[in-house]
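Enquirer: Below is a structure I'd like to ask you about.
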Amino acid sequence: MELLVNVFVVLHLLGMAAIIGSALFLSRGVVTPYLLWGARAQLLTGIALVGLVQANDEEVNNTKIAVKLVVAIAVVACAEIAGAAERKGKGSRPQLVTAAGALALLNVLVAVLWTTAS
Ligand code: HEM
């Protein structure tokens, strides 16, 4: 079970790298499949991690997870709205792309710096 948790942590970190790398460093202002799929993957791997960590008899900080969930949903929303606008020929939404990257960065800070138990 611990190996499975660690595999999902790796997937979770790759999703984070895809969002932040694409939105803030590589294709600034442009929606890429890395951004879209990274954002979707963060939600799925994050939710899976909560279950796996608990199944492994470890505690999760529910308040911290709730904050991360709201921020991750905002990341997906920004990426999907910008992606849909580009697909429909309604122009690019660079601010939304940057917001997706910045919110993902916020979630990294929450993940790493929020160290209290609850
Ligand atoms: C943009 C979205 C997200 C980003 C950038 C992100 C980032 C991270 C990072 C960097 C870590 C590793 C922290 C460490 O090991 O010290 C982590 C761990 C974790 N994340 Fe996320 N996260 C996101 C969304 C979510 C969501 C939506 C959930 C759950 C609903 C979640 C649940 C978790 C859990 C449970 C762990 C801990 C795994 C363990 O026990 O080692 N994350 N996240």
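The values are calculated or read from the model by the stated rules, or taken from the named source; none is laboratory data. Quick caveat, the model's predicted, so the values are computed rather than measured. Every residue, glycine among them, receives a Cβ derived from its backbone with ideal geometry; neighbour counts consider all protein chains shown. Keep in mind that these areas ignore ligands, DNA and RNA; they rest on the heavy atoms of the full protein, side chains included. Shrake-Rupley method; radii C 1.70, N 1.55, O 1.52, S 1.80 Å.
Enquirer: From the list Val70, Val31, which residue is within 14 Å of the ligand (Cβ to nearest atom) and either outside any loop (DSSP other than H, G, I, E, B) or in contact with a Gly (Cβ under 8 Å, 6 or more places away or on another chain) (or both)?
Expert: Criteria check complete, one pass: Val70.
Enquirer: Check off (1) part of a helix (DSSP H, G or I); (2) hydrophobic (A, V, I, L, M, F, W, C); (3) within 17 Å of His12 (Cβ to Cβ); (4) without any contact (Cβ under 8 Å) to a residue 40 or more places away in the chain for Ala85 and give me the number that stays unchecked.
Expert: (3)
Enquirer: Of all residues in segment 44-61, count the ones that are near the ligand (Cβ under 7 Å from one of its atoms) and open to solvent by 40 Å² or more (accessible area, probe 1.4 Å).
Expert: Number of matching residues: 2.
Enquirer: While we're here: List the pairs whose first member sits in segment 1-16 and is outside any helix (DSSP H, G or I), whose second member is exposed (fewer than 13 other Cβ atoms within 10 Å of the Cβ), and whose Cβ atoms are under 7 Å apart, counting only residues at least 6 apart or on separate chains?
Expert: Between residues of segment 1-16 that are outside any helix (DSSP H, G or I) and residues that are exposed (fewer than 13 other Cβ atoms within 10 Å of the Cβ), the close pairs are Met1/Ala55; Met1/Asn56.
Enquirer: Of all the residues that make up segment 75-109, how many are open to solvent by less than 50 Å² (accessible area, probe 1.4 Å), among the aliphatic types (A, V, I, L, M) and farther than 19 Å from Gly21 by Cβ?
Expert: 3
Enquirer: List, please: which pairs have Cβ atoms under 8 Å, are six or more places apart or on different chains, and start with a residue in segment 56-76 that is modelled with pLDDT under 95 and end with one that is small (Gly, Ala, Ser) and outside any helix (DSSP H, G or I)?
Expert: Pairs that qualify, where the first residue is modelled with pLDDT under 95 and the partner is small (Gly, Ala, Ser) and outside any helix (DSSP H, G or I), are Glu59/Ala117.
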